[in-house]
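Colleague: I have a structure here, written as structure tokens, and I will follow up with some questions on it.
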Ligand SMILES: Cc1cc2nc3c(=O)[nH]c(=O)nc-3n(C[C@H](O)[C@H](O)[C@H](O)COP(=O)(O)OP(=O)(O)OC[C@H]3O[C@@H](n4cnc5c(N)ncnc54)[C@H](O)[C@@H]3O)c2cc1C
């Protein structure tokens, strides 16, 4: 079996290692346009903020390690074309500019995503940067050294993490977003209000409900102009979302409107010889049962691993996702899974919610922190559809528990009586998750 893998960050690395382990006789070739594999972008903000000192720790594999498994690693090679009718690809060696063709029995599309760059006037100015790969992480660190004022555009999880990193680094930080609140995809307003207030108290300027109309500057950006104001700046980081990197397969496999490849539960595309995984794909979103675009490393490694399991014959199904994610911003830890209450309006679900405030430990302990937990459930079936938690204590693992509840279609009433342990160091006799279930029944 001759396997070609296009792209080798998380989905690609997971697919390659699993195919190589299961099928040592397979001839596997990786084409990757970067000079590295497996870079953890989630460490960029920690690297920028100085928490991570050695960036080599942000890689968990290497071309050499994959070569030792018998994989042919074609680094700095870009795939230019895929001809799925003839099982053939065209590749460019980025060092020599040589262009050549190769064929395959099975192709793994792991080309991931790329940050959206809106066509805003002045976008070509220097010091307007993206934050996705290792090279960009190093550029941000280099440019940040001389920057006094930093503007982050996009208040998703990448934007807010960078805001924290720059503020801790002593920069004057402005965060701009077209929505009227931060993290609007992940958390409901009662949660985002807490973080926004904390950001403001820490001197971070929030420019919300404002759209960027142009960048100004001679060669280097010096001002960001929005629908409501103007912000002097030395550095801009653009983090307004991602789009799947799938032009190579346009018109050849089924895709969502945004270009995300549709795969079945065995990671097969509509073209029998092509598998796909990671940010290049749509994924089944369990709270709605529909395909959605949720680019996360967690999904990428699971899907890549499943390509390895299923490449010869359908063996292991993907169970879908709740889009579970967590964040740590200054003193707060927060996490969410499934639908927020706001998101249920968009997908037309009738829901109820329960919000509880509870201390994480018994009050006889020397210290304890308030937890705010919200659970969203369907009104008729009472099935849990989503949950959010925030606290100065780290109780984010509770959201993984609720992710399992959603995955298994559990109801809010069942949540009241699930068996959880009690020990005063960690929690109370009634776990706060039980409390949410019990109070929803009142
Ligand atoms: C700043 C940041 C922070 C993040 N934090 C988190 C987090 O905390 N938790 C989480 O779960 N997720 C996080 N993510 C998301 C996570 O990084 C992505 O979901 C993950 O990288 C997807 O992996 P992938 O392998 O599918 O795609 P990608 O990482 O996009 O990799 C695709 C690879 O394909 C290569 N490629 C593309 N086209 C070609 C071509 N034509 N020829 C050859 N090679 C090609 C690219 O060079 C790249 O190496 C974060 C992302 C960013 C940017």
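Colleague: Under Stokes-Einstein, with the Kirkwood radius over Cα pairs standing in for Rh, what whole-number D in µm²/s applies to the stretch 381-442 at 37 °C and 0.692 mPa s?
Modeller: It comes out at roughly 271 µm²/s.
Colleague: With a/c under 1.5 counting as rounded, go ahead and sort the stretch 294-391 into rounded, prolate or oblate using the C-alpha gyration tensor (a ≥ b ≥ c being the square roots of the eigenvalues; past the cut-off, prolate if a/b is larger than b/c, else oblate).
Modeller: In terms of gyration-tensor shape, oblate.
Colleague: Then there's this: With springs connecting C-alpha atoms under 10 Å apart, model the chain as a Gaussian network and identify which of 145, 74, 205 has the largest mean-square fluctuation.
Modeller: For the chain, modelled as a Gaussian network with Cα springs under 10 Å, the answer is 145.
Colleague: Taking only the C-alpha atoms, wrap a convex hull around the stretch 87-139 and report its volume per residue in Å³ as a whole number.
Modeller: Each residue corresponds to 149 Å³ of Cα convex hull volume.
Colleague: Only Cα pairs under 8 Å and at least 6 apart count here; give the relative contact order of the stretch 191-345 as a rounded whole percent.
Modeller: 13 percent
Colleague: What percent antiparallel are the DSSP beta bridges of the chain, to the nearest 5?
Modeller: In the chain, DSSP labels about 60 percent of beta bridges as antiparallel.
Colleague: Measuring from the lowest to the highest alpha carbon on each principal axis, how far does the stretch 152-277 reach, largest first, in angstroms?
Modeller: So the three principal-axis extents are 54, 40, 27 Å.
Colleague: Could you list log10 I(q)/I(0) for the chain at q = 0.10 Å⁻¹, which the Debye formula gives when each Cα is one point scatterer?
Modeller: Here log10 of I(q) over I(0) equals -0.80.
Colleague: Among 419, 279, 188, which one moves the most in a GNM of the chain with springs linking Cα atoms closer than 10 Å?
Modeller: 419
Colleague: Which whole-number percent gives the relative contact order of the chain, counting Cα pairs below 8 Å spaced six or more residues apart?
Modeller: 13 percent
Colleague: Which number comes out as Rg/Rh for the stretch 343-424 once both Rg and the Kirkwood Rh are worked out on C-alpha atoms?
Modeller: Ratio of gyration radius to Kirkwood radius: 1.01.
Colleague: Sort out for me the Cα centre separation of the stretch 376-442 from the stretch 254-272, rounded to whole Å.
Modeller: The distance from the Cα centre of the stretch 376-442 to that of the stretch 254-272 comes to 34 Å.
Colleague: Only Cα pairs under 8 Å and at least 6 apart count here; give the relative contact order of the stretch 1-132 as a rounded whole percent.
Modeller: Rounded, it is 30 percent for the stretch 1-132.
Colleague: What's the Kirkwood radius of the stretch 65-183 in Å, using all Cα pairs?
Modeller: Answer for the stretch 65-183: a Kirkwood hydrodynamic radius of 18.1 Å.
A short reminder: the numbers here are calculations on the coordinates, not readings from a lab. This structure is a prediction, so every number in the text was calculated from the model and none was measured.
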